[in-house]
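Engineer: Handing you a structure now.
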Amino acid sequence: MKIIGVVSGKGGVGKTTTVANLGAALFSELNRRVLLVDGNFSTPDLGLHLGIYSFSNTLEDVLRKKIPAAEAIYSNNSGINVMSTSLSTDKPKRPPSTVNLKKVLQGLKKYEWILVDSAPGIGKDTISILKVCDEVLVVTNPELPAINNTLKMIKTAETIGVPVKGVILNKVRGRGYEPSISEIDAVCNAPVIASIPDDVEVIRSISDMNPVVLNAPNSPAAIEFKKLAAHLVGKEYKVELWGRVRQFFRF
Ligand SMILES: Nc1ncnc2c1ncn2[C@@H]1O[C@H](COP(=O)(O)OP(=O)(O)O)[C@@H](O)[C@H]1O
Ligand SMILES: [Mg+2]
């Protein structure tokens with residue numbers, strides 16, 4: 001089992017979108033046993049990306065030892081397994097201790113991949129997530145403020161001793177003013193392992209509460225998420241030409 005954290009130095013860059021789509025691609029395309037965990041205690045929303053509005057049993061309940069972890073795992077319409085912190089707006093201000101989180105996740109032995117979404121930045125919540133992960137993916141955008149904060153995140157991960165698997169560059173428009181992948185590689189001293197385009201199908205899929213990988217499987221963003229999933233499991237992704245043609249004509 002691998003526990004992969006999806007983190008960022010800055011909010012709104014696409015962590016939750018990445019967790020939902022990487023999870024959907026690993027599960028639906030590559031038939032992997034995947035659990036998605038929303039480890040954002042203050043502003044969780046992974047469930048909403050997957051069509052789940054509320055969780056009766058939550059990660060907080062598990063960490064407070066009210067229920068076993070298996071009872072807080074839900075399946076969405078596509079069969080993707082997810083465990084989340086409470087989406088309720090009136091929950092206790094103080095989140096539960098995460099000292100047992102790693103043990104809890106490691107106990108869920110039937111999964112090959114556990115992807116953990118996190119709060120943005122390098123606050124206490126994120127640090128506690130970094131500590132439970134075997135590796136992290138750092139999501140960023142091709143903009144200087146995002147990259148500056150990515151650098152801080154990578155340094156924090158290094159200090160904690162969690163390896164950075166790679167940087168995911170999201171919302172790429174391919175404009176001349178954007179820093180190039182090689183520049184970002186060099187600045188971050190970590191490989192950019194995915195370049196996900198800024199794609200209106202991602203926004204449509206969030207509105208449809210269904211990851212773009214499933215909602216518009218041949219859209220440019222979906223293809224890049226599928227390539228990333230294939231890379232993680234050590235496979236090569238082959239672009240399906242007819243799928244691209246169908247997408248072009250919107251069949
Ligand atoms: N590849 C993309 N193309 C277009 N819009 C995107 C893309 N990825 C994310 N977004 C937009 O950015 C918003 C924030 O993404 P989200 O995954 O919630 O970020 P984070 O979890 O890092 O805060 C989404 O609601 C969506 O509108
Ligand atoms: Mg998020």
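None of the figures in this text is laboratory data; all of them are computed from the coordinates on show. Note that the structure is predicted; figures quoted are calculated from it, not measured. Methodologically, a virtual Cβ is constructed for each residue, glycine included, from the backbone with ideal geometry; neighbour enumeration extends over all protein chains shown.
Engineer: Out of curiosity, is Ala194 without any contact (Cβ under 8 Å) to a residue 40 or more places away in the chain, surrounded by 13 or more Cβ atoms within 10 Å (Cβ to Cβ) and away from ligand 2 (no atom under 16 Å from the Cβ)?
Structural biologist: Here the answer is yes, as Ala194 does meet what is asked.
Engineer: From Asn189, Asn210, grab the single residue that is under 20 Å from the mean Cα position of the chain (by Cα) and polar (S, T, N, Q).
Structural biologist: Asn210
Engineer: So, Thr43, is that one in a loop (DSSP other than H, G, I, E, B), within 30 Å of Pro217 (Cα to Cα), polar (S, T, N, Q) and within 12 Å of ligand 1 (Cβ to nearest atom) or not?
Structural biologist: So Thr43 fits the description; yes.
Engineer: When the residues of segment 6-17 are filtered to those that are assigned to a helix (DSSP H, G or I) and in contact with a Ser or Thr (Cβ under 9 Å, 6 or more places away or on another chain), which remaining residue is farthest from ligand 2 (Cβ to nearest atom)?
Structural biologist: Per the criteria, the residue is Thr17.
Engineer: While we're looking at this one, here's another question. Determine which single condition Gly51 fails, assuming it passes every other condition in (1) more than 20 Å from Ile4 (Cα to Cα); (2) buried (at least 20 other Cβ atoms within 10 Å of the Cβ); (3) within 16 Å of ligand 1 (Cβ to nearest atom); (4) of a type in the set (Gly, Ala, Ser).
Structural biologist: So Gly51 meets the others, but not (2).
Every residue, every condition in (1) among the small types (Gly, Ala, Ser); (2) in contact with a strand residue (DSSP E or B) (Cβ under 7 Å, 6 or more places away or on another chain), yes or no:
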residue: Ser56; (1), (2): yes, no
residue: Lys66; (1), (2): no, no
residue: Ser75; (1), (2): yes, yes
residue: Ser78; (1), (2): yes, no
residue: Ser84; (1), (2): yes, yes
residue: Ser88; (1), (2): yes, no
residue: Thr98; (1), (2): no, no
residue: Gln106; (1), (2): no, no
